[in-house]
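Asks: If you scroll down you'll find the structure; I have some questions about it.
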Amino acid sequence: MKDKSLWLTPRNIWRGLVDAIYGWRIIAVVTASVGMLLGTLTLSGLGIKISRFVIDVSGEQLLIALALVGLASLILGMGLDITPLYLTLVVLTAPALIELGLTPPSKRTST
(Lines give C-alpha, C1' and ligand atoms only; values in the text may rest on other atoms or scores of the structure.)
Protein backbone atom coordinates (compact mmCIF):
# COMPACT_ATOMS: atom_id res chain seq x y z
CA MET A 1 0.00 0.00 0.00
CA LYS A 2 2.91 2.33 0.62
CA ASP A 3 4.78 1.68 -2.62
CA LYS A 4 7.00 4.75 -2.94
CA SER A 5 7.56 4.15 -6.66
CA LEU A 6 3.96 5.22 -7.27
CA TRP A 7 4.16 8.51 -5.41
CA LEU A 8 3.88 11.76 -7.36
CA THR A 9 7.40 12.98 -6.87
CA PRO A 10 8.96 15.49 -9.27
CA ARG A 11 11.04 12.68 -10.80
CA ASN A 12 7.95 10.48 -11.42
CA ILE A 13 6.01 13.42 -12.85
CA TRP A 14 8.92 14.16 -15.21
CA ARG A 15 9.10 10.49 -16.28
CA GLY A 16 5.36 10.52 -16.98
CA LEU A 17 5.69 13.63 -19.13
CA VAL A 18 8.59 12.15 -21.09
CA ASP A 19 6.69 8.88 -21.64
CA ALA A 20 3.65 10.84 -22.85
CA ILE A 21 5.79 12.77 -25.35
CA TYR A 22 7.24 9.54 -26.72
CA GLY A 23 3.74 8.10 -27.04
CA TRP A 24 2.43 11.14 -28.93
CA ARG A 25 5.24 11.25 -31.48
CA ILE A 26 3.59 8.82 -33.87
CA ILE A 27 0.20 10.53 -33.56
CA ALA A 28 1.77 13.90 -34.34
CA VAL A 29 3.54 12.54 -37.42
CA VAL A 30 0.40 10.81 -38.73
CA THR A 31 -1.75 13.88 -38.13
CA ALA A 32 0.75 16.16 -39.85
CA SER A 33 0.93 13.79 -42.81
CA VAL A 34 -2.83 13.67 -43.16
CA GLY A 35 -2.95 17.46 -42.91
CA MET A 36 -0.55 17.73 -45.82
CA LEU A 37 -2.56 15.15 -47.77
CA LEU A 38 -5.83 16.98 -47.17
CA GLY A 39 -4.28 20.32 -48.09
CA THR A 40 -2.99 18.84 -51.32
CA LEU A 41 -6.36 17.29 -52.15
CA THR A 42 -8.17 20.53 -51.43
CA LEU A 43 -5.80 22.78 -53.37
CA SER A 44 -5.62 20.46 -56.37
CA GLY A 45 -9.39 20.03 -56.56
CA LEU A 46 -9.08 16.24 -56.40
CA GLY A 47 -11.40 16.07 -53.40
CA ILE A 48 -14.25 17.59 -55.44
CA LYS A 49 -13.47 15.24 -58.33
CA ILE A 50 -13.69 12.22 -56.03
CA SER A 51 -17.03 13.46 -54.71
CA ARG A 52 -18.26 13.92 -58.27
CA PHE A 53 -17.01 10.40 -59.07
CA VAL A 54 -19.02 8.94 -56.18
CA ILE A 55 -22.17 10.72 -57.39
CA ASP A 56 -21.64 9.64 -61.01
CA VAL A 57 -20.92 5.99 -60.19
CA SER A 58 -23.85 5.75 -57.79
CA GLY A 59 -26.25 7.29 -60.30
CA GLU A 60 -27.30 9.76 -57.59
CA GLN A 61 -28.66 6.87 -55.48
CA LEU A 62 -27.94 7.46 -51.79
CA LEU A 63 -27.65 3.79 -50.82
CA ILE A 64 -25.12 3.05 -53.55
CA ALA A 65 -23.17 6.19 -52.63
CA LEU A 66 -23.12 5.09 -48.99
CA ALA A 67 -21.87 1.66 -50.06
CA LEU A 68 -19.05 3.30 -52.05
CA VAL A 69 -18.13 5.51 -49.09
CA GLY A 70 -18.18 2.42 -46.86
CA LEU A 71 -15.85 0.64 -49.27
CA ALA A 72 -13.52 3.64 -49.30
CA SER A 73 -13.66 3.71 -45.49
CA LEU A 74 -12.76 0.03 -45.34
CA ILE A 75 -9.82 0.42 -47.69
CA LEU A 76 -8.48 3.60 -46.08
CA GLY A 77 -9.12 2.19 -42.60
CA MET A 78 -6.58 -0.56 -43.23
CA GLY A 79 -3.76 1.97 -43.19
CA LEU A 80 -4.92 4.95 -41.14
CA ASP A 81 -5.86 5.58 -37.54
CA ILE A 82 -9.43 6.62 -36.83
CA THR A 83 -8.93 10.40 -36.60
CA PRO A 84 -6.95 10.79 -39.84
CA LEU A 85 -9.38 8.38 -41.51
CA TYR A 86 -12.37 10.46 -40.45
CA LEU A 87 -10.77 13.70 -41.62
CA THR A 88 -9.80 12.19 -44.98
CA LEU A 89 -13.26 10.74 -45.57
CA VAL A 90 -14.97 13.98 -44.62
CA VAL A 91 -12.89 15.94 -47.11
CA LEU A 92 -13.25 13.38 -49.90
CA THR A 93 -16.83 12.16 -49.57
CA ALA A 94 -18.87 14.64 -47.51
CA PRO A 95 -19.57 16.97 -50.46
CA ALA A 96 -21.09 14.07 -52.41
CA LEU A 97 -23.23 12.91 -49.50
CA ILE A 98 -24.39 16.45 -48.74
CA GLU A 99 -25.38 16.88 -52.38
CA LEU A 100 -27.41 13.67 -52.12
CA GLY A 101 -29.35 15.06 -49.16
CA LEU A 102 -27.53 14.08 -45.96
CA THR A 103 -26.92 16.54 -43.14
CA PRO A 104 -23.43 18.12 -43.07
CA PRO A 105 -21.19 16.95 -40.18
CA SER A 106 -20.98 20.49 -38.74
CA LYS A 107 -24.79 20.72 -38.46
CA ARG A 108 -25.15 17.65 -36.24
CA THR A 109 -25.89 18.21 -32.60
CA SER A 110 -25.91 15.81 -29.71
CA THR A 111 -29.05 15.76 -27.62
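Asks: If only one of Thr31, Thr40, Thr103, Thr9 is in contact (Cβ under 8 Å) with a residue 12 or more places away in the chain and polar (S, T, N, Q), which one is it? First the steps, then the outcome.
Replies: Working: Thr40 fails: in contact (Cβ under 8 Å) with a residue 12 or more places away in the chain; Thr103 fails: in contact (Cβ under 8 Å) with a residue 12 or more places away in the chain; Thr9 fails: in contact (Cβ under 8 Å) with a residue 12 or more places away in the chain.
Sole residue among the options that is in contact (Cβ under 8 Å) with a residue 12 or more places away in the chain and polar (S, T, N, Q): Thr31.
Asks: If you check Trp7 against the conditions, is it under 17 Å from the mean Cα position of the chain (by Cα), surrounded by fewer than 12 Cβ atoms within 10 Å (Cβ to Cβ) and modelled with pLDDT of 85 or more?
Replies: Against the criterion (under 17 Å from the mean Cα position of the chain (by Cα), surrounded by fewer than 12 Cβ atoms within 10 Å (Cβ to Cβ) and modelled with pLDDT of 85 or more), Trp7 does not qualify.
Asks: Shifting gears a bit: With respect to Leu62, is the statement that it is in contact with a Ser or Thr (Cβ under 9 Å, 6 or more places away or on another chain) and not charged (D, E, K, R) true? Break it down stepwise before answering.
Replies: Working: in contact with a Ser or Thr (Cβ under 9 Å, 6 or more places away or on another chain): no; not charged (D, E, K, R): yes.
In short, no.
Asks: How do the pairs read when you match residues in region 51-79 that are within 13 Å of Glu99 (Cβ to Cβ) and in contact (Cβ under 8 Å) with a residue 24 or more places away in the chain with residues anywhere that are polar (S, T, N, Q) and surrounded by 15 or more Cβ atoms within 10 Å (Cβ to Cβ), using Cβ under 8 Å and keeping only pairs 6 or more apart or on different chains?
Replies: Close Cβ pairs (under 8 Å, with a partner that is polar (S, T, N, Q) and surrounded by 15 or more Cβ atoms within 10 Å (Cβ to Cβ)) amount to Ser51/Thr93; Val54/Thr93; Ala65/Ser58; Val69/Thr93.
The values are calculated or read from the model by the stated rules, or taken from the named source; none is laboratory data. Since we're looking at a predicted model, the values are computed, not measured. Positions of Cβ are backbone-derived with ideal geometry, glycine not excepted, and every protein chain shown enters the neighbour counts.
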